[in-house]
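Student: Quick one: the structure is below, questions incoming.
Nothing in this text is a laboratory measurement; each read-out follows from the coordinates by a stated rule. From a predicted model like this one, the values you see are computed outputs, not experimental measurements. Here the Cβ is made from the backbone with ideal geometry for all residues, glycine too, and neighbour counts use every protein chain on show.
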Amino acid sequence: MPRERKTDQLSSAARQAMLACFAQHLPASMIAAKIKAETGETVADRTVGRRKSEWEAEQQRRQANREQMEDLVAAARGSDLKASEMIEALAREALMRDPDGFGSLNPIDVQRTSLQAEKVRLAREKLELQKRIVDLDEAKFSRMKQREEQAIDATRALERKAASGQAISPDDLRKIREVYGLNT
Amino acid sequence: MSMLAIEIHKQARRKGDIIRILYEDYTSAMTSVGSLAGALDMLGESVSPDSLQFHLVYLAQQSYIQIWRVRDLPGWRRDRIGVGPAEQIRFAKLLPRGLQLLDGNCPEDPQVKF
């Protein structure tokens, strides 16, 4: 159970006044004086100062988390799959903490986010497909080049044979057919 | 059984619980450490944030799981103090070796008990 703090004993009007002063970044002594003037309640400057530090730390934490989430969403929109997966994991964590949370969300926003994740997935699949096509083309080109070199070698061998007065044998023809992949 | 042996066994069971929970979420790309802590709570096995981080580091070093730290978040900046320490583990994912350990298809690890 959280420890009760001095400021918890203040009336709700005094607490509201204190929070409004925090937002205006007033010094602790001025806040204490304002509470006294508005509600007649007394609170020590040091107590107000401690609450002010806690409030500012909490605001800073919220702001940092908001900015980090904005960067994550921007990365996900920029097709960063890892960012999409992190957002998904964080959404599941939020749902675990607050199972009714989705009830308060705008269904259009939820759908937009899932469509975005789907788009990222499709883009990744398209990239992988393109990579496979390039790999296949490279393999095809390499095979063609190899066949061309074999054809040149076979032609040279035949030229040498013809130049020496020898006849072209059925075996020579078989080799040529083999080079062009015509043997069945 | 001595108190130390009991404590060692307890810590090994915690690591086993973590692997089990990550196994349940195996089809997801990753699980947030917050969800993991919540799931441990639901099992009645509350673990302090420091202990959880310690167990996750061990499991990652043994290649049972993959981890992502706060600094791995896209767009992370050191000056955003509220997001958490850079080294803090934020997400985890069970790896095939962790799955094999759970299924008994790889040598037993005395540091992990199921």
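Student: Could you line up B:Ser51, A:Ser142 from fewest to most neighbouring Cβ atoms inside 10 Å?
Tutor: In increasing order of surrounding Cβ atoms, one gets A:Ser142, B:Ser51.
Student: Scaled to the compact-protein estimate 2.2 N^0.38 Å, what is the alpha-carbon radius of gyration of the protein assembly as shown, rounded to two decimal places?
Tutor: 1.72
Student: What ranking do A:Val134, B:Val83 get, fewest neighbouring Cβ atoms within 10 angstrom at the top?
Tutor: If I rank by nearby Cβ atoms, fewest first, I get A:Val134, B:Val83.
Student: So what's the back-of-envelope 222 nm ellipticity for chain A, counting only DSSP H runs of four-plus at -39500 (n - 2.57) apiece and dividing by all residues, rounded to 500?
Tutor: That comes out to -27000 deg cm²/dmol.
Student: Counting other C-beta atoms within 10 Å, which of B:Phe91, B:Phe114, A:Phe141, A:Phe22 has the fewest, and how do the rest follow?
Tutor: With the fewest neighbours first, B:Phe91, B:Phe114, A:Phe141, A:Phe22 line up as A:Phe141, B:Phe114, A:Phe22, B:Phe91.
Student: Nearest 0.05, what FRET efficiency do B:Asp50 and A:Ser79 give at R0 = 41 Å with Cβ-Cβ as r?
Tutor: 0.70
Student: About its Cα centre, what dipole magnitude does region B:3-103 give when the only charges are +1 on Lys and Arg Cβ and -1 on Asp and Glu Cβ, stated in debye to the nearest 20?
Tutor: It works out to roughly 320 debye.
Student: How much FRET efficiency would the formula 1/(1 + (r/R0)^6) give for A:Ala23 and B:Met3, where r is the Cβ-Cβ distance and R0 is 41 Å, rounded to 0.05?
Tutor: It comes out at approximately 0.20.
Student: Kindly state, to the nearest 0.05, the FRET efficiency for A:Ala151 paired with A:Leu129, given R0 = 41 Å and r defined as their beta-carbon distance.
Tutor: 0.80
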